[in-house]
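Below is one structure, written out as structure tokens; the observations come after it.
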Amino acid sequence: MDDMIAILIDADACPVKEEAYRVARRYGVAVKVVSNAYINVPREPLIERIVVDSGFDAADDWIVEAAGALSIVVTTDILLADRALKKGATVIAPTGKSFDAASIGNAIAQRALMADLRAMGEVSGGPAPFSKADRSRFLGKLDETVVRLQRQRRSA
């Protein structure tokens, strides 16, 4: 997969699969929808469902193994984001937030802090509800990223 652009989706709880399909169709980019269970995906040549074993981190492991410089990983999982970045992939959260080498350390530290605060009962609840603005930001960021990778690939 190193010679072609691919969108790798950590699919189990991803709210922006349809947006990823739309961008993939526009640019002729492959999409791999990776999950531990069967997920319905469109029957199209560019879109492939990957069902992995139910083992701990099996989907993450598959994504990291497949990731490379021309991969766009879509995930909310900070530890998967870190692993994918180390493989040279671009990582985008469903909210449109990009992760990079400069921001991932802070995101990992914040994740650990929030886990500690929840364990002590200091914090309850989770992240803010997913919004239309998040969906729109994601669509714009994914589109921008595919265009950047296409230019990068052509100039290589």
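The values are calculated or read from the model by the stated rules, or taken from the named source; none is laboratory data. Please read these numbers as outputs of a predicted model, since none were measured by experiment. Cβ placement follows ideal geometry from the backbone for every residue including glycine, while neighbour counts extend to all protein chains displayed.
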Is there any pair linking a residue in region 137-150 that is in contact (Cβ under 8 Å) with a residue 24 or more places away in the chain and more than 11 Å from SER98 (Cβ to Cβ) to one that is assigned to a helix (DSSP H, G or I) and among the aromatic types (Phe, Trp, Tyr), with Cβ under 7 Å and at least six apart or on different chains, and which?
-> VAL146/TYR27; GLN150/TYR27
Every residue from region 125-147 that is of a type in the set (D, E, K, R), over 11 Å from VAL23 (Cα atoms) and either under 15 Å from the mean Cα position of the chain (by Cα) or surrounded by 12 or more Cβ atoms within 10 Å (Cβ to Cβ) (or both) | ASP134, ARG135, ARG137
Using the structure shown, decide if THR95 is surrounded by fewer than 20 Cβ atoms within 10 Å (Cβ to Cβ) and within 10 Å of the chain's Cα centre (by Cα).
-> no
List every residue pair whose Cβ atoms sit under 6 Å apart, with the two residues 6 or more apart in sequence or on different chains, where the first one lies in region 27-46 and is farther than 16 Å from ALA59 by Cβ and the second, anywhere, is part of a loop (DSSP other than H, G, I, E, B) and of a type in the set (Val, Ile, Thr).
-> VAL29/ILE5
Specify the residue that is modelled with the lowest pLDDT; the eligible residues are those in region 2-25 that are crowded, with 23+ Cβ neighbours inside 10 Å and out of contact with any Leu (no Cβ under 8 Å at 6 or more places or on another chain).
-> ALA11
Test: ARG49 is of a type in the set (Lys, Arg), over 13 Å from the mean Cα position of the chain (by Cα) and within 22 Å of THR95 (Cα to Cα) = no
Hey, among the residues in region 86-105 that are among the charged types (D, E, K, R) and in a loop (DSSP other than H, G, I, E, B), which one's farthest from ARG148 (Cα to Cα)?
-> LYS87
So ILE39, is it modelled with pLDDT of 90 or more, more than 11 Å from the chain's Cα centre (by Cα), surrounded by 13 or more Cβ atoms within 10 Å (Cβ to Cβ) and closer than 15 Å to ALA13 by Cβ | yes
